[in-house]
Amino acid sequence: MKFYRSHILIGIDDASLAAGVKEIEALLRNELQKNNLSDEINILETGTLGHFGTGVSMLVYPEQVTYVNLKKEDIFEIVEEHFLKGRPLQRLILDRSLTQNYDFNYKRRIVLSNSGVIDPENIDEYLGAGGYEAWEKALTTMKPNELVDEVKASGLKGRGGAGFPAGLKWSFTAPIVADQKYVVVNADEGEPGTFKDRLIMEGDPHKLLEGVMLCAYAIGASKAYIYIRGEYKLCIHRLEIAIAAAREYGILGNNIFGSGFDLDIFIKVGAGAYVCGEETALIESMEGNRGTPRSKPPFPGVAGAWQKPTVVNNVETLANIPAIIKNGAKWFAAHGVDGSTGTKVYTIMGDVNLPGLCEVDMGTSLRTIIQQYAGGMIEGRTFKAALVGGAAGVFLNDTLLDVHMDYNSLREYAAVLGSGAILVMSDTVDMVDMLWSVLRFFRHESCGKCNPCSKGTALLFKLIDGIRKGKGKDSDLEQLIKVSNGMQKTSFCALGQSPCMPIASAINNFRQDFLTRINVK
Amino acid sequence: MKTLEELRKIREKAQGEMKLRESDYRYKVVVGMGTSGIAMGAREVMKAILEEVSQRGIKNVLVTQTGEKGLSSLEPVIDVIEEGRPVITYGNMDVAKARKMVAEHIVNGKVINEYVVSTTN
Ligand SMILES: Cc1cc2nc3c(=O)[nH]c(=O)nc-3n(C[C@H](O)[C@H](O)[C@H](O)COP(=O)(O)O)c2cc1C
């Protein structure tokens, strides 16, 4: 058997084949031969070496150096420096420093504290992690109004987008006397780029259930519905397992823990309309009607599902409740900042090194989130914009990187926290294309109930489409703002009231992108 | 239907099992089985680990699943937990790497550096 001083493993997978790995490998063989190294260095093809960047990777033994994102021209340098001179080429080596000290932030996590730790399909592990302690505490030692007060004192605000104080919402429904009240969980998660609720439900379904139970007890509801988008198959599966286990253990059911309190939780699967995330359209859809919004008042808190008093809360909102009841409002309020207590789960995507999720204290700056929890910008790209809050969000530019992400600070810049989706864009992204995509979404999702929204979203799309095709006029920009402001004042629900936010922020912060498109003639 | 007393017992037992020290296991292998992980092949990875463990008759390892913890772009992600040591997080795993991980890490106690994406105390 031949003895080689070095082995090179080349990763072959769809991505590397598409990036021309075969050509690069041939070149490498050729270069080694030219330098009389073919007898010393062995080249082997192997499966994927991992998904680093977009290109070709190879692993060199015995040094255990991984080169990533290789291009043809790099091969000459690697052969020269590494294989002839024995100096691994730092420039192309996979840098693990990004992830090596990656901070998952478990110490501060509240809603995702168990995600990535316990088995979501095993109720015993949830119990072992301290689960259902709050439920036991509430049923055996607390009165319903004490729960409402605790949640009020915690300062928790709704995480579904609007940021309405949760305790206050509960306090409207709790005192109403009715033969039936409901808790409805908004798990529709339709805001583009948002998948935080999915992470909570698939990673720790019992935490949501416990939050629902506590809410139901606080307001006196004996039935709860989780309205969940149909695409979330894994969440639905795990929630079904969790509900069945809770029933089996007597955590749900009649006369729970001998308290005399009855509760059951049901799942309703949605069919995928953005408007069905709006709480009253959601209720209509749940009742089997066409999903269009209702007039408010009466608010759902007074007349919601089947006209009964109903609290509608977002998944993340409710997933905060167990920790608040277990540890107290003060403990909770020690997270975050004044006016925005607790943590926030963000989903981060776009031109960053480590897209994905993070849960951090309210008030953490966008810069910190990008640097510390998303691995920073992809090399060679500079930050241009972030769309925060999904389609109904705002485009922030680099002057706002250090703004604290909380309700009050963002409001100063006419921005919103929204659903917690952060789409990071580098200077390779054109804002005309981005806004086009957002407005196409609104046109598609307008439900048709009211004129300002159905006609308005079509007109907005026509305007941006014209600009994108190079047929725009300067006055189109003012027209976009005028129409969307009009819609904000006259649309029936927040769907039609929202496009003004991405439009105004895109045009005001990135006007040059629009003018460039308008002026190419 | 369980009484509160029974629930407390289940809780204590589960707490004990979650601490490796108080169990028969030396290693706990936790596969991230969220949507991203599954889309990137976590189910196959999990299956391969279970097969490898049973074929080799390894008794001191507990293999389990969990949701996403972060570093979603490096899925499938696997944590190998050993009492008193930093948690080793392997990323970009596949079936072949998972089998190798069992052979090297679980059987021989050797961390495979090139697959490690993060270590946490
Ligand atoms: C068009 C539209 C879509 C919405 N989609 C969602 C959604 O997917 N999830 C959600 O929790 N809230 C959504 N909302 C907000 C809900 O109407 C409501 O404010 C929320 O469920 C209240 O829960 P919270 O107070 O816990 O945030 C949407 C609102 C509008 C106008």
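Values for this structure:
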quantity: Non-local Lys pairs in region A:431-518, i.e. 8 or more apart or on different chains, that have alpha carbons under 17 Å apart; calculated: 7
quantity: Stokes-Einstein diffusion coefficient of region A:221-347, Kirkwood radius over Cα pairs, 20 °C, 1.002 mPa s, in µm²/s; calculated: 128 µm²/s
quantity: Span from the region A:124-146 Cα centroid across to the region A:372-391 one, whole angstrom; calculated: 39 Å
quantity: Proximal charge balance of A:Ala385 [Cβ under 13 Å; K/R count +1, D/E count -1]; calculated: -3
quantity: By accessible area with a 1.4 Å probe, ligands and nucleic acids excluded, highest first: order of B:Met1, A:Met213; calculated: B:Met1, A:Met213
quantity: Environment charge of A:Asn327, counting only residues whose C-beta is closer than 11 Å and scoring Lys/Arg +1, Asp/Glu -1; calculated: +1
quantity: Separation of the A:Arg5 and A:Glu379 label points, Cα + 7 Å toward Cβ, nm; calculated: 2.7 nm
quantity: Estimated 222 nm signal from helices in chain A, with DSSP H stretches of n ≥ 4 weighted -39500 (n - 2.57), rounded to 500; calculated: -11500 deg cm²/dmol
quantity: Cα convex hull volume per residue for region A:1-83 (Å³); calculated: 86 Å³
quantity: Descending semi-axes in whole angstrom, ellipsoid equivalent of chain B, from the Cα gyration tensor; calculated: 25, 17, 14
quantity: For region A:480-521, fraction of C-alpha pairs farther apart than 14 Å, in %; calculated: 51 percent
quantity: Per-pair calculated FRET efficiency, R0 = 56 Å: B:Glu12 and A:Phe76 via Cβ, rounded to 0.05; calculated: 0.30
quantity: Exposure of A:Trp306 as accessible area (Å², to 10), given a probe of 1.4 Å and all protein chains; calculated: 100 Å²
quantity: Largest to smallest principal axis extent of the C-alpha atoms in the protein assembly as shown, angstrom; calculated: 88, 75, 40
quantity: Those residues of region A:189-203 for which accessible area with every protein chain present is at least 40 Å² below the isolated value (1.4 Å probe); calculated: A:Arg198
quantity: Antiparallel bridge percentage (DSSP; both residues within region A:123-333; nearest 5); calculated: 10 percent
quantity: Antiparallel %, DSSP beta bridges [both residues in chain B], to 5; calculated: 65 percent
quantity: Span per principal axis, largest first, for the Cα atoms of region A:123-333 (Å); calculated: 42, 36, 33
quantity: Between region A:188-216 and region A:246-312, the Cα center-to-center distance that results, in Å; calculated: 14 Å
quantity: At least 50 Å² accessible surface lost relative to isolated chain, residues of region B:56-76 (1.4 Å probe); calculated: B:Gln65, B:Thr66, B:Glu68, B:Lys69, B:Leu71, B:Ser73
quantity: For region A:101-145, alpha-carbon Rg and Dmax in angstrom; calculated: 13.7, 45
quantity: Hydrodynamic radius (Kirkwood) for region A:431-518, which is based on Cα pairs only, to one decimal in Å; calculated: 12.5 Å
quantity: Number of partner chain Cβ atoms within 10 Å, mean per residue of B:30-36; calculated: 6
quantity: Diffusion constant of region A:31-143 at 37 °C, which comes from Stokes-Einstein with the Kirkwood Cα-pair radius and 0.692 mPa s, µm²/s; calculated: 175 µm²/s
quantity: Separation of alpha-carbon centers, region A:440-469 and region B:1-61, rounded to whole Å; calculated: 50 Å
quantity: Rounded to the nearest 20 debye, dipole of chain A from Cβ charges on Lys, Arg, Asp, Glu; calculated: 1620 debye
quantity: Rg/Rg_globular for region A:170-238, with Rg_globular taken as 2.2 N^0.38 Å and Rg from C-alpha atoms; calculated: 1.22
quantity: Residue among A:Gly356, A:Ile118, A:Tyr227 farthest towards the positive dipole end of chain A, charges placed on Cβ; calculated: A:Tyr227
quantity: A:His444, A:His237, A:His335, reordered so the largest accessible area comes first (probe 1.4 Å); calculated: A:His444, A:His237, A:His335
quantity: Number of partner chain Cβ atoms within 10 Å, mean per residue of A:118-129; calculated: 6
quantity: Packing-based ranking, highest mean first, of B:26-39, A:7-20 given that Cβ atoms within 10 Å are counted; calculated: B:26-39, A:7-20
quantity: 10 Å-binned pair-distance histogram of region A:358-400 (Cα, whole percent); calculated: 24, 56, 20
quantity: Percentage of interatomic Cα-Cα distances in region A:383-467 larger than 15 Å; calculated: 62 percent
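The values are calculated or read from the model by the stated rules, or taken from the named source; none is laboratory data. Remember, it's a predicted structure, so these values are computed and weren't measured experimentally. Backbone-built Cβ (ideal geometry, glycine too); neighbour counts: all protein chains shown. These area figures cover heavy atoms from the full protein model, side chains too; ligands, DNA and RNA do not enter into them. Shrake-Rupley method; radii C 1.70, N 1.55, O 1.52, S 1.80 Å.
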